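Worksheet for the structure shown next.
The values are calculated or read from the model by the stated rules, or taken from the named source; none is laboratory data. All figures in this text were calculated on a predicted structure; none of them were measured in a lab. Neighbour counts run over all protein chains shown; Cβ positions are idealised from the backbone, glycine included. The accessibility values were calculated without ligands, DNA or RNA, using every heavy atom of the protein model including side chains. Shrake-Rupley method; radii C 1.70, N 1.55, O 1.52, S 1.80 Å.
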Number of protein chains: 2
Amino acid sequence: MSTVQEGAAASISRDQGPGYGDLDAMMPDEPRRAAWVARRRDDPVRTQMHYARRGTVTEEMWVVAQREGLDPAFVRDEVARGRMIVPANVGHVNLVPMGIGINARCKINANIGNSALTSDVEGELEKLRRVVKYKSDTVMDLSTGGGIDEIRHAVIAHSPVPVGTVPIYQAIQKVKKPEDLTADGLVEMIRHQAEQGVDYMTVHCGILLKHLGLVDRRITGIVSRGGSLMAMWMLAHRRENPLYERYDDILEICRRYDVSLSLGDSLRPGCLHDASDRAQFAELDVLGELTQRAWEKDVQVMVEGPGHVPMDQIPMNIERQIEVCREAPFYVLGPLVTDVAPGYDHITSAIGAAIAGQHGAAMLCYVTPKEHLGLPKADDVHQGIIAYRVAAHAADVARARPGARDWDDKISRARYTFDWNEQFAQSMDPEVARAMHDEDLPHEAFKTAEFCSMCGPKFCSMKISQAVDEYNAKIKSGEAEETQTVG
Amino acid sequence: MSTVQEGAAASISRDQGPGYGDLDAMMPDEPRRAAWVARRRDDPVRTQMHYARRGTVTEEMWVVAQREGLDPAFVRDEVARGRMIVPANVGHVNLVPMGIGINARCKINANIGNSALTSDVEGELEKLRRVVKYKSDTVMDLSTGGGIDEIRHAVIAHSPVPVGTVPIYQAIQKVKKPEDLTADGLVEMIRHQAEQGVDYMTVHCGILLKHLGLVDRRITGIVSRGGSLMAMWMLAHRRENPLYERYDDILEICRRYDVSLSLGDSLRPGCLHDASDRAQFAELDVLGELTQRAWEKDVQVMVEGPGHVPMDQIPMNIERQIEVCREAPFYVLGPLVTDVAPGYDHITSAIGAAIAGQHGAAMLCYVTPKEHLGLPKADDVHQGIIAYRVAAHAADVARARPGARDWDDKISRARYTFDWNEQFAQSMDPEVARAMHDEDLPHEAFKTAEFCSMCGPKFCSMKISQAVDEYNAKIKSGEAEETQTVG
């Protein structure tokens, strides 16, 4: 297999932030992914990690390199050592490949999916359209209600971004009680979803019988849904976690379809009180072990993290995961930095997510305003995605990723020169920015006005500041006398 | 003067977070503040700092101590050394006193005020009602349009929280061009507003002629409105900043009315590119000098800070201010951690504000979703306040302030026991939390339901987790056999 031609994706848009503009433009013209994976049809192992370790830059890695502004060989080396994953099921042929890792732009995930009480296929596709429109990097379909297969088929068929799932959510639909789940049933569900084209799966392999006694000092116990189901199963059967015991079988499926594993943190804290406790870190040690075992089978893996964490504990949490899981990408949920603001948890968690990203988390799972209260609707998806893009971009700037701040500088220049239309165009959410400006000053004439409704036309600071600039320019050119120099 | 009786404020509410419940209940029954200040009528110096340095615990300090859960003598000592201020104009008799300082709960300020283009007295009073309802700790009236005196009278008369202003915003209304401002006119405006009862004032005394050449490498120049006006004046007259030259006169006014100074940062960065530059820090050095001079006159002072700052530079900014200004309270605007999300700057800045608070900022000036786009309306005020209360509380938790996390633990217990009504009651914004829950499950019966619409009634993680708790309890009591212990 050879790499694609370097010139093919020269037209990649870098507007509105690097690496996520017009998704279609990010792909080489021809051939598309169906042809790439067709050529690999007979390979017994088809994971990106497998190819990377053989020294191959796949087409997927090449696209990732273009989007990230990285050398394709560097992307290959990151994938080979497990520090970056490219979630790309061989069956998801309309995917625009992307990478998740500490040396790539910080990514975000948006969850969609129905529940037993609400939503349907069209409702989920509407959410998916928002996911793509507002530029989440991946999407997880967490449906727990009816018609799960139908929804997943539709989501994968329409999604240019990687699709993740939590297979136990579908497995549990087929039984009456958690203890009715079987090890075979769980493994078969993972195979079923792998065949459907799911790019990454959360599996709760890390929670073990010996951990269950560690949650007794918690306020909110086990808040991971999959984790609580496995706990219930273990309690009922007095046996070890079947997902842990059948981990090799799961890895075999992942090798074949290139499903990336997202090792679930069943014992993540559900409130500040429970953060960074022995239960959480006991499970993390198991996730570190499972990471190694995945890598031995050329399976791509990332590790999930909390949850609810006070700000001052976040850097330690990231550093510990990086050490225990030997730099496997860390995929955190928020974390929320306070428990007291239901209705605003996209904000409580964006604060934690930004700090997590700054300290090395590779992907941030969004939280919507509906967290703890109800099932997110399309507008909640919108709010959650923007809050998380803010967090991820702020983290990229703070990590001084090459080119990250260029976007900020571009919009700031537009702001200073009163180029309102350019300011809107460079905004993370152009429609909302324009609509808010229109609220007081709707006419097109105001889009070049040297003021806004905040201070009004008289004495705008930036207008006056431009006079200072002109004065400084005159001093430099010798036209004016400098009154005093800085001491 | 004696301190008030200790029992008088025993009924202070600590619900929904410490120190800001029912404002009226926070005051001793009788006498109220009109009587306190009447007794001090003939004192030539009437600042809290003056009394503190004489060893007196004023009634204001006593109320602050109750609200903060601090020893009154400690509050007095903090005020005496300038590390805490109690902004309390002797003429603002309906004030419920509060303190701002690194050893108090992190505070927030909400800006209201009209502009030349929009809003009136009733519109501003509606915003003030939101400010009090959603619990901002102070309010600034930044009116720049017509009827400024009328609006300020109404705001002070109705405000139980300290009212701040920027006197130059009113002074500039009386002239045609910035250069028409006079030193006498500026000082008289400060005296006028002091007489009206303004508790703290932003004065742009720190920007000097020698600084003007330092902004030439910036993208957005001078974004402080007051700062840009002073810069224009200095350029036009080729003379030093009159607010700097008349600083002693300003201090005399503050001594008499106990106006706290908020030393404006005229050269704060207006975009990430301009953060932490030589202009910003040259002015900060002057603010440090002005802080000392205020303290020599027993005038209370805090120092304003940026603005727009990348996350990784925020701790350094706080530490530098604390050192240069010898622990005078730092009052920061945001900071925004990215420039690219107009329409969402309550979020971009809440991230920075939380980090600033964690590292020692004493008060956080809110930013609304309308920042950079237009004048905030009542709903924008609401959104801004909640985002900043989240930031301030998260900072208090991260600083491990005594009792701060109790609130989080309380709502988390309600969450785990499915006590929805208690969860709403303990929410920062109970109405919004309840309304979001009602969206899918409006009936009262669901307020005790052991599930929500997020996952639906089948297999709620917290419900299952409670089964784990029961199992653990059985093991402890010897009823069940422990299957395995943690290694």
Can you pull a Stokes-Einstein diffusion coefficient for the stretch A:139-181 at 4 °C (1.567 mPa s), Rh from Kirkwood over Cα pairs, as a whole number of µm²/s?
116
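Based on the alpha carbons, how large is the Rg to Rh ratio for the stretch B:242-290 when Rh follows Kirkwood? Numbers along the way, then the final one.
Working: Rg = 13.4 Å, Rh = 12.3 Å.
Reported Rg/Rh, Kirkwood definition of Rh: 1.09.
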With only helices counted (DSSP H, runs n ≥ 4, each -39500 (n - 2.57)), the per-residue ellipticity at 222 nm for chain A, to the nearest 500, works out to -13500 deg cm²/dmol
Total Å² of accessible surface buried at the B-A contact, 1.4 Å probe, nearest 100?
10000
In nm, one decimal, shortest first: how far is the label point of A:D180 (7 Å from Cα along Cα to beta carbon) from the matching points in the other copies?
8.3
Going out from 0 in 10 Å bins, what whole percent of all Cα-Cα distances in the stretch B:291-445 drops into each bin?
11, 31, 30, 21, 6, 2, 0
The stretch B:377-450 shape via C-alpha gyration tensor axes, a/c threshold 1.5:
oblate
Give the lysines reachable from A:K447 as a straight Cα distance under 27 Å; neighbours fewer than 8 places away on the same chain don't count.
A:K133, A:K135, A:K410, A:K458, A:K463, B:K176, B:K177, B:K370, B:K377
Heavy-atom accessible area ranking, 1.4 Å probe, most first, across B:R217, A:R129, A:R401
B:R217, A:R129, A:R401
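Given a 1.4 angstrom probe, what's the average accessible area per residue across the stretch B:54-196, in square angstrom?
On the way: 4430 Å² over 143 residues.
Accessible area per residue, the stretch B:54-196: 31 Å².
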At 7 angstrom along the Cα-to-beta-carbon line, where would the label on A:K476 sit relative to the other copies? Give the distances in nm, shortest first.
7.0
Residues in the stretch A:340-357 occluded by at least 40 Å² - accessible area, probe radius 1.4 Å, against chain by itself
A:V340, A:P342, A:Y344, A:I347, A:I351
So, with a 1.4 angstrom probe, what is the percent of accessible area on the stretch B:397-457 that is carbon and sulfur?
56
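For the stretch B:49-134, go through all pairs of different Cα atoms, get the mean of 1/r, take its inverse, and jot down that Kirkwood value in Å. Each step should come with its number before you reach the end.
Working: mean 1/r = 0.0689 Å⁻¹.
Its Kirkwood hydrodynamic radius stands at 14.5 Å.
Quick check for me: using +1 on Lys/Arg Cβ and -1 on Asp/Glu Cβ, what's the dipole size of the protein assembly as shown about its Cα centre, in debye to the nearest 20?
Numbers: 110 positive and 142 negative charges, 165 e Å.
I would put it at about 800 debye.
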Counting pairs of alpha carbon atoms under 8 Å apart in space and at least six apart in sequence, what relative contact order in percent does the stretch A:27-137 give?
22
For Cα pairs less than 8 Å apart in space and 6+ apart in sequence, what is the mean separation divided by the residue count of chain B, i.e. the relative contact order in percent?
14
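Quick check: at a probe of 1.4 Å, how many percent of the accessible area of the stretch A:61-108 sits on carbon and sulfur atoms?
Details: 510 of 1090 Å².
For the stretch A:61-108, the apolar C and S fraction of the accessible surface comes to 47 percent.
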Other-copy label distances relative to A:P31, 7 angstrom Cα-Cβ extension, nm:
9.3
For chain A, give me the percentage of DSSP beta bridges that are antiparallel, rounded to the nearest 5 percent.
5
Surface share of carbon and sulfur [accessible, 1.4 angstrom probe, percent] for the stretch B:119-204
52
Say the dipole of the stretch B:220-346 comes from +1 at the beta carbon of Lys and Arg and -1 at that of Asp and Glu; which of B:I314, B:A282, B:Y247 then lies farthest toward its positive end?
B:Y247
Compute the relative contact order of the stretch B:122-167 as a whole-number percentage, counting only Cα pairs closer than 8 Å that sit 6 or more residues apart in sequence.
49
Cα centroid of the stretch B:181-231 to Cα centroid of the stretch B:326-376, whole Å:
21
Per 5 Å bin, what is the whole-percent P(r) computed from every C-alpha pair distance within the stretch B:97-252?
2, 9, 17, 19, 18, 16, 12, 6, 2, 0
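Using the beta-carbon distance between B:E470 and B:E431 and R0 = 35 Å, what value does 1/(1 + (r/R0)^6) give for FRET efficiency, to the nearest 0.05?
0.50
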Among the residues of the stretch B:223-240, which ones have their accessible area go down by 40 Å² or more when all the protein chains sit together, as opposed to their chain alone (1.4 Å probe)?
B:R225, B:S228, B:M232, B:L235, B:R238
Which three extents, in angstrom, do the Cα atoms of the protein assembly as shown have along their principal axes, listed largest first?
89, 72, 45
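Can you give the average number of partner chain beta-carbon atoms within 10 Å of each beta-carbon in peptide A:466-475, as a whole number?
Working: counts 3, 8, 13, 6, 1, 8, 8, 1, 0, 3.
That works out to 5 on average.
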Compute, for the stretch A:82-172, the length of the dipole vector about the Cα centre, with Cβ point charges of +1 (Lys, Arg) and -1 (Asp, Glu) only. Units Debye, rounded to 20.
560
In nm, give the distance between the simple-model label positions of B:T448 and A:N421, each being 7 Å from the Cα along the Cα-to-Cβ direction.
6.2
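Summarise the long-distance tail of P(r) for the stretch A:427-478 by giving the % of C-alpha pairs beyond 19 Å. Don't jump to the answer; show the numbers that get you there.
Details: 594 of 1326 pairs.
Across the stretch A:427-478, Cα pairs with separations above 19 Å total 45 percent.
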Distribution output for the stretch A:212-340: share of Cα-Cα pairs per 5 Å bin in percent, first bin at 0, values 2, 11, 20, 22, 20, 14, 8, 3, 0
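Stick to the Cα atoms of chain B, pair each with every other, and give me the Kirkwood hydrodynamic radius in Å at one decimal.
Numbers: mean 1/r = 0.0421 Å⁻¹.
Here the Kirkwood hydrodynamic radius works out to 23.8 Å.
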Helix A:247-257: inclination vs chain A longest Cα principal axis, degrees, rounded to 10, gives 60
Enter the accessible area per residue of the stretch A:264-419 (Å², integer; probe 1.4 Å; all protein chains in place).
23
If you wrap a convex hull around the C-alpha atoms of the stretch B:15-161 and split its volume per residue, what is the figure in Å³?
118
Cα centroid of the stretch B:393-409 to Cα centroid of the stretch A:26-45, whole Å
53
